[in-house]
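Participant: Structure incoming, see below.
The values are calculated or read from the model by the stated rules, or taken from the named source; none is laboratory data. This is a predicted model, so every value here is computed, not measured. When we count neighbours, we look across all protein chains shown, and the Cβ atoms used for this are built from the backbone with ideal geometry, even at glycine. What goes into the accessible areas is simple: the full protein's heavy atoms, side chains included, and nothing from ligands, DNA or RNA. Shrake-Rupley method; radii C 1.70, N 1.55, O 1.52, S 1.80 Å.
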Amino acid sequence: MTGKKEKSEKREKRLQEISLLRTIPYSDHQRWWSEETIAVVTGANRGIGFEIARQLAGHGLTVVLTSRDTGVGIEAAKVLQEGGFNVDVHQLNILDDESVSEFTKWIKEKYGGVDILINNAGVNYNLGSGNSMEFAKQVIQTNYYGTKNMIKVMIPLMRPSAAGARIVNVSSRLGKLNGRRSRIEDEALREKLSNLDTLSEELIDNMVSTFLQQVEDNTWQSGGWPQKFTDYAVSKLAVNLFSMLMANQLAGRPEGGKIYINCYCPGWVRTAMTGWSGNVSAEHAADTGVWLALLPNKEVTGKLFAERRELKF
Ligand code: NDP
């Protein structure tokens, strides 16, 4: 069997396994959540975010569907509300400080805080073999800085509970630190980034700024950056690293006030982001995110997953 065929058959088998896993209901002792549990999903008006909102609401949580366009968000929420789900809606542009501040104020007043945050909002401007850096700044701003800011502003709003609050970042395996085909070439930097003793927010920010500077100087091609979807890969690498860092920082919180944070890769998904050319549905792509958000085993944190399995980062 050729490597490609074998890989595709393995993937198909895993897809089937996941479909089966999704039919197994959570038992009462596993269900730590209720309709009082508040889950916020960013960029939930379409694509994977909408599906995550739909599936979480299907499990009986109250979902706050957020969208940067108010009208579009209301329409998307209506679809779920008409299906009988507990879904609220609010405007949120993760790059707009005023919008973020308005949103956090609203959620605090209305719900007193949140239990689950799904950072799904993201952008990508390259399709197929395209690797233009035209929108690199926007990609880094949205995927990394926007997500990082949401994590920071939402942590103080995360409600204490025995099960612990959860943050799930919809990321990508393209942002693996030691990915075989897509990784930064600078071994010394990789080493520093992979070690919790040397990893810092400043180090991640510096990596990202160096990349953007090289894009501006048009020298990024010789900079040893990931070869495929370079700006996107750097943005998701930064998200994965920041999550690892936060998981470590949050680990010291007392029992009852724990916050678990993980990332996952949804696969190559048929959404607007891929020009509908992906090989998995949004429904399937949402699965690992929902599974991570609801994990009865709460000790999982600082990891990257795909297809409900941990990926070697
Ligand atoms: P879509 O393009 O369908 O959806 C992206 C969502 O993000 C939209 O709701 C969009 O809002 C929102 N968004 C973008 N910028 C902002 C912002 N500044 N503030 C708030 N919301 C924003 O893409 P997908 O559903 O495919 O992607 C969802 C996530 O999954 C992303 O983080 C993506 O990187 C990740 N992912 C996707 C893969 C894929 O194959 N599709 C693969 C790996 C990861 P609007 O409608 O207003 O544009």
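Participant: Above 18 Å lies some portion of the pair distances; for region 165-247, what is it as a whole percent of all C-alpha pairs?
Facilitator: Details: 1307 of 3403 pairs.
Result for the distance tail: 38 percent.
Participant: I've got another one for you. How many nm separate the modelled label positions at VAL79 and GLU109, each set 7 Å beyond the Cα in the direction of the Cβ?
Facilitator: 3.0
Participant: Looking at region 219-313, which GluC sites (Glu not before Pro) are DSSP coil and have at most 13 other C-beta atoms within 10 Å of their C-beta?
Facilitator: Sparse-neighbourhood loop GluC sites (Glu not before Pro): GLU255, GLU299.
Participant: In addition: Just the ratio, please: alpha-carbon radius of gyration of region 36-165 over 2.2 N^0.38 Å, N its number of residues.
Facilitator: Expressed relative to 2.2 N^0.38 Å, the Cα Rg reads 1.07.
Participant: Another one. I'd like the Kirkwood hydrodynamic radius of the chain, using the inverse of the mean 1/r over distinct C-alpha pairs, in Å. Walk me through the numbers on the way to the answer.
Facilitator: Values: mean 1/r = 0.0504 Å⁻¹.
Evaluated on the chain, it is 19.9 Å.
Participant: As a test of the formula, what do you get for the chain when each DSSP H run with n ≥ 4 contributes -39,500 (n - 2.57) and the sum is divided by the residue count, at 222 nm and rounded to the nearest 500 deg cm²/dmol? Please list the in-between numbers first.
Facilitator: On the way: 10 runs with 132 residues, N = 313.
After summing the helix terms and dividing by residue count, I get -13500 deg cm²/dmol.
Participant: If you average 1/r across every pair of different Cα atoms in region 1-88 and take the reciprocal, what Kirkwood value do you get, in Å?
Facilitator: Values: mean 1/r = 0.0674 Å⁻¹.
Taking the inverse mean of 1/r over all distinct Cα pairs, region 1-88 comes out at 14.8 Å.
Participant: Ignoring ligands and nucleic acids, what accessible area does ILE155 show with a 1.4 Å probe (Å², nearest 10)?
Facilitator: 20
Participant: On a 0 to 90 degree scale, rounded to 10, what angle separates helix 3-23 from the longest Cα axis of the chain?
Facilitator: It works out to around 10 degrees.
Participant: On to the next question. Summing Lys, Arg as +1 and Asp, Glu as -1, what charge do residues with Cβ under 12 Å from the Cβ of THR62 carry, THR62 excluded?
Facilitator: Summing Lys and Arg as +1 and Asp and Glu as -1 gives -3.
Participant: What residue among THR219, THR37, THR301 shows peak mean-square fluctuation when the chain is described by a Gaussian network model with Cα springs under 10 Å?
Facilitator: THR219
Participant: If you don't mind, there's one more thing I want to ask. Please state the equivalent ellipsoid semi-axes for region 11-55: what are the square roots of 5 times the Cα gyration tensor eigenvalues, largest first, in whole Å?
Facilitator: On the way: eigenvalues 100, 79, 7 Å².
Result for region 11-55: semi-axes of 22, 20, 6 Å.
Participant: For the modelled label position 7 Å from the Cα of SER132 along Cα-to-Cβ, which residues of region 203-220 have backbone nitrogen atoms closer than 17 Å?
Facilitator: Answer for this model: 215-216, 218.
Participant: On to the next question. Run the numbers for ASN248 and ASP96: contour at 0.36 nm per residue of separation, minus the present Cα-Cα distance, in nm.
Facilitator: Taking ASN248 through ASP96 to full extension adds about 51.9 nm, to one decimal.
Participant: Something else now. Can you tell me the FRET efficiency between SER277 and LEU203 if r is taken as the Cβ-Cβ distance and R0 is 41 Å, rounded to the nearest 0.05? Working shown, then result.
Facilitator: Numbers: r = 35 Å, r/R0 = 0.85.
Rounded to the nearest 0.05, the efficiency is 0.75.
Participant: I would also like to ask the following. If you fit an axis through the alpha-carbon atoms of helix 201-217 and take the longest principal axis of the Cα set of the chain, what angle between them do you get, 0 to 90°, nearest 10?
Facilitator: So the helix axis and the longest Cα principal axis differ by about 50 degrees.
Participant: If you don't mind, another one. Sort ARG159, ARG166, ARG181 by accessible area with a 1.4 Å probe, largest first.
Facilitator: Listed by decreasing accessible area, they come as ARG181, ARG159, ARG166.
Participant: What part of the accessible area of the chain, given as a whole %, is carbon or sulfur when the probe is 1.4 angstrom?
Facilitator: Of the solvent-accessible surface of the chain, carbon and sulfur hold 49 percent.
Participant: Relative to the compact globular guide of 2.2 N^0.38 Å, what is the alpha carbon radius of gyration of region 53-108, as a ratio?
Facilitator: Dividing the Cα radius of gyration by 2.2 N^0.38 Å gives 1.13.
Participant: Oh, and also: With a cut-off of at most 16 other beta carbons within 10 Å, and DSSP calling the residue loop, which GluC sites (Glu not before Pro) in region 99-188 qualify? Please list them.
Facilitator: GLU134, GLU185
Participant: Related question: Fully extended, how many nm does the chain gain between GLN227 and GLN213 (0.36 nm per residue separation, minus their Cα-Cα distance)?
Facilitator: The GLN227-GLN213 span can extend by a further 3.3 nm.
Participant: A follow-up question, please. When a/c is below 1.5 the answer is rounded, else prolate if a/b is larger than b/c, else oblate, so apply that to region 122-204 with a ≥ b ≥ c taken from the square roots of the Cα gyration tensor eigenvalues.
Facilitator: oblate
Participant: In Å, what is the Rg of the alpha-carbon atoms in region 159-313, and how long is Dmax?
Facilitator: 16.4, 51
Participant: Further question: How big is D for region 243-313, in µm² s⁻¹ as a whole number, if Stokes-Einstein is applied with the Kirkwood radius of its Cα pairs at 10 °C and 1.306 mPa s?
Facilitator: 119
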